[in-house]
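Structure record follows, encoded as structure tokens.
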Amino acid sequence: LYSLTFLRVESNTLSFLPEDLEPVQHYLFVSERLTGLDSLEIVVEAPNGWLDDRCWGAMESLTDELSKQPGVARVVSPLDLIKKLNQWDHDFDPAFYVLPENTAAAQALVDELDEAAQEELSRIVAENGTVMRLSVLIRDASTSHFLDIARQAGEFLNNLPPPMTGYITGIVLLLAEAELGLVTTQITSFSFAFVSIFLCILIGLRSWRLTLVSFAPNLLPILCTFGLMALLDVPLDCATVMVASVALGIAVDNAIHMLSACKQSLRSEHTLAAAVEAALGRVGPPITISTATACIGFFAMGWSVFVPIHYFGILCGFAMIVALVADIMLIPAILQVLSARTSVGLECAPPPQSTE
């Protein structure tokens, strides 16, 4: 349980493939030397228009604050266009890559653009200049880092001087939120499945005590798997989050076989120890063979170069092994301990009557 505190929810599409793969190397090269991998889009609304020099200070401040965030390669702003036009108007002198003196000078520079350039301008400025688009280019492809920058950008936008307002958007933002939403949905679905499964166990075994006995061997493989993920620093993403559901499905199947066999064996055995031994002899080999065959199939995924499938196969196989050990060892141990203190819903057959 303590190890779960170190488990992190993360999704990094760049880490889904081996780092030495050529496409990944190309992406890393572009990220480190040229520009960012992802883009966070920011829409700023200025009722007086983007050429109003009274809004330039707020826009420049917003751009500077975003540029200082770790992992941000650069921020592309509509004001960059005005600076570049001003530089071109002064024979490409780098010293004039600055904003013009006032609104009138900026308007004169924009009016010199031809029709094709005016159409391109509509990609960053719309609604007669009252809506501006800023693009934050981010080097790090991790979802958590991207959303941290998005949250920080949202705080900066809240501090814009009125009447300026803004909001964050973009396809990458939607995908990042969808990925984390998928993880959250899987966790919620697992909780519903967990309750439903144990309700079925209660109905099938007709004993709430035996249902409680089945909790530990079914939770142990899930906790051990998540603990292993924390130890190996494997994030909880849209692939690894499904391990818990698979582990629960396999573990609960074996647990039901084991508990049902124990309950049946007690009809002919006179002690709990003898009933457990008989149950293990009857269902032990089948659940061991079924677990072994399933593990072979899942461990085969360990050779996949697609990292989510690689981790999914290894973690599922590990969870099944822990589930098998828990069903064979933990269930008999819990029954033995509880039988010494209270009834667990298993009544042994009466001892043979003496004929003397």
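Results for (1) of a type in the set (A, V, I, L, M); (2) surrounded by fewer than 17 Cβ atoms within 10 Å (Cβ to Cβ); (3) under 20 Å from ALA333 (Cβ atoms), shown as yes or no for each residue.
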{"site": "PRO286", "(1), (2), (3)": "no, yes, no"}
{"site": "THR291", "(1), (2), (3)": "no, no, yes"}
{"site": "CYS295", "(1), (2), (3)": "no, no, no"}
{"site": "PHE298", "(1), (2), (3)": "no, no, no"}
{"site": "TRP303", "(1), (2), (3)": "no, yes, no"}
Test set (1) surrounded by 15 or more Cβ atoms within 10 Å (Cβ to Cβ); (2) in a helix (DSSP H, G or I); (3) among the small types (Gly, Ala, Ser) - ALA104 fails condition number: (1)
Log entry, pairs with first residue in region 277-303 being farther than 16 Å from ALA326 by Cα and without any contact (Cβ under 8 Å) to a residue 24 or more places away in the chain, second being surrounded by fewer than 16 Cβ atoms within 10 Å (Cβ to Cβ) and β-branched (Val, Ile, Thr), beta carbons closer than 6 Å, six or more apart or on different chains, reads MET301/ILE309
Being within 26 Å of THR185 (Cα to Cα) and part of a helix (DSSP H, G or I): is that true of VAL276 here? no
Quick check: anything in region 176-199 in a helix (DSSP H, G or I) and under 22 Å from VAL30 (Cα atoms)? yes
Can you tell me which residues in region 237-268 are touching an Asp or Glu at 6+ places or on another chain (Cβ under 8 Å), surrounded by 22 or more Cβ atoms within 10 Å (Cβ to Cβ) and more than 15 Å from GLY284 (Cα to Cα)? ASP237
So if I check each of LEU324, LEU315, LEU248, LEU330, which one is closer than 29 Å to LEU175 by Cβ, at pLDDT 85 or above and out of contact with any Gly (no Cβ under 7 Å at 6 or more places or on another chain)? LEU315
Only one of PHE92, PHE6, PHE16 that is surrounded by fewer than 16 Cβ atoms within 10 Å (Cβ to Cβ), in contact (Cβ under 8 Å) with a residue 24 or more places away in the chain and among the hydrophobic types (A, V, I, L, M, F, W, C): PHE6
Search region 161-176 for residues that are within 30 Å of ASN12 (Cβ to Cβ) and pair each with any residue that is part of a helix (DSSP H, G or I) and among the polar types (S, T, N, Q) when their beta-carbon atoms are under 6 Å apart and the residues are at least 6 apart or on different chains. ALA176/THR143
Residue among ARG74, ARG54 that alone is assigned to a strand (DSSP E or B) and either open to solvent by 60 Å² or more (accessible area, probe 1.4 Å) or modelled with pLDDT under 90 (or both): ARG74
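The values are calculated or read from the model by the stated rules, or taken from the named source; none is laboratory data. Being a predicted model, the structure only gives us computed values, none of them experimental. Cβ sites come from the backbone with ideal geometry, for glycine too, and all protein chains shown count toward neighbours. SASA here: full protein model, heavy atoms, side chains in, ligands and nucleic acids out. Shrake-Rupley method; radii C 1.70, N 1.55, O 1.52, S 1.80 Å.
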